[in-house]
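What follows is one structure encoded as structure tokens, with my remarks underneath.
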Amino acid sequence: MFGNGSSRREVLAGSAAMFSLAAWAGASAGRSQDAAKPPALERRRFGKTDMQVAVLGFGGAEIGYEGADQPTVDKLLNAALDAGLNVIDTAECYVDSELKIGSAVGARRKDFYLFTKCGHTSEPPKEGPDWTKAGVLQSIERSLKRLKTDVIDLVQLHSCSLEELKKGECIEGLLEAKKQGKTRYVGYSGDSLAAKWAIESGKFDALQTSINVCDQECIELTLPLAKEKGLGVIAKRPIANAVWRYDARPSNDYHVEYWERLQELAYDFATGPLRTDSSPNGAAGIAMRFTAMQPGVSVLIVGTTKPERWAQNAELLRAGPLAGELHDSIRARWKAASKPDWTGRT
Ligand SMILES: NC(=O)c1ccc[n+]([C@@H]2O[C@H](COP(=O)([O-])OP(=O)(O)OC[C@H]3O[C@@H](n4cnc5c(N)ncnc54)[C@H](OP(=O)(O)O)[C@@H]3O)[C@@H](O)[C@H]2O)c1
């Protein structure tokens, strides 16, 4: 889809054709079987792995941190799988996210690819990071139990530092788990120079990194390299935490940095009536379509606690890539306004 050496125009034309073809094919299939059924979500190859992932996936942090109750998570995850999503991403330290996922869809394990992250524990009395080989192996064992499965599709090191990566013990633990058949593939979840080092090390099958309209460092720093080396790429924070929804500085600390960046970026689509426009040309649609069209991106894991979001977000992505001029204006604005410390947010 995004061949090396293609010009931006060719890339956009090619991807637009693919999106519309996928939508057309899905719509045709839907018409013959069930007039009310929405077109299928686009699937993409996940790097050099055997996985074909739907472009929209499930980010599991919110259900843990926001304390979604089990009936809501049951509804949320089953709605997501029914909408055609086939990636669920979580982490041991997202409070009880793994337990909730295991309970909600453990019985549908064959319907999705399960990604988690290791290296932390939320279990007292040892809460916090542990990047030793034994610590990583124990973290993965706990995840298997909580997720009610024998094997995870992808386990990622959860944003350890460049120094920890260079020390190598955490990587040894991860590769040992792969050798033991506890995980089929291994990845690094993180940003900036640590992500670059991880790709160059040749040890990982996948990279999870922040990619969105407020976080574009990776577009030149790591995405081309990840594509060249054949890593599957998961876009985390893909809708920039939807920070345009806040009229004033958010009380949620996690959203503050992107909100501050957005004030300076002052994109047209995030300032006027488009902030609340729920069409593909509103703020949410433009932000997700921007992330989805970055070369090498396989899947966007959007976080939510709302069961109705999956159908809405799938519909936004079905609109396909942004027009070239709009995409290029978002890149140009970023290049003009971004500061040296606007590095990838973990
Ligand atoms: N270091 C790491 O490894 C790391 C760090 C951060 C995130 N992650 C992963 O990435 C996933 C996603 O990150 P994230 O949740 O921080 O960021 P995100 O997906 O960019 O933002 C999620 C927020 O966007 C809102 N939203 C979703 N769809 C929307 C729509 N159509 N219109 C308006 N608002 C919408 C959600 O609110 P509603 O509840 O209203 O839908 C939610 O508050 C996480 O779950 C986690 O799996 C990993």
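What to note about this one:
- Relative packing of 208-220, 231-243, 94-106, which averages over residues the other C-beta atoms within 10 Å, highest first: 231-243, 208-220, 94-106
- Shape of the chain, Cα gyration tensor, a/c cut at 1.5: rounded
- FRET efficiency for the K48 to A311 pair, using the beta carbon distance and R₀ = 41 Å, is estimated at 0.85.
- Residues with amide H under 5 Å from that of I301, placed H, sequence gap 5 or more: G57, A235
- Here each label is just a point 7 Å from Cα along the line to Cβ, and for T276 and L193 those points are 4.5 nm apart.
- Seen through its C-alpha gyration tensor, with square-root eigenvalues sorted a ≥ b ≥ c, region 268-336 comes out oblate because a/c lies at 1.5 or above while a/b is not bigger than b/c.
- Cross-link pairs exceeding 23 Å between alpha carbons, from the set K48/K75; K110/K227; K48/K203: K48/K75; K110/K227.
- In the elastic network of the chain, a GNM with C-alpha springs shorter than 10 Å, the most mobile of I330, I301, I199 is I330.
- Helical contribution to [θ] at 222 nm, DSSP H n ≥ 4, -39,500 (n - 2.57), averaged over the chain, rounded to 500: -13000 deg cm²/dmol
- Under 5 Å, built H, 5+ apart or other chain: amide partners of I152: T183, R184
Values quoted throughout were computed directly from the atomic coordinates according to the rules given, and no laboratory measurement underlies them. Owing to the predicted nature of the structure, the values given are computational and were not obtained by experimental measurement. Note: ideal-geometry Cβ built from the backbone for every residue, glycine included; neighbour counts use all protein chains shown.
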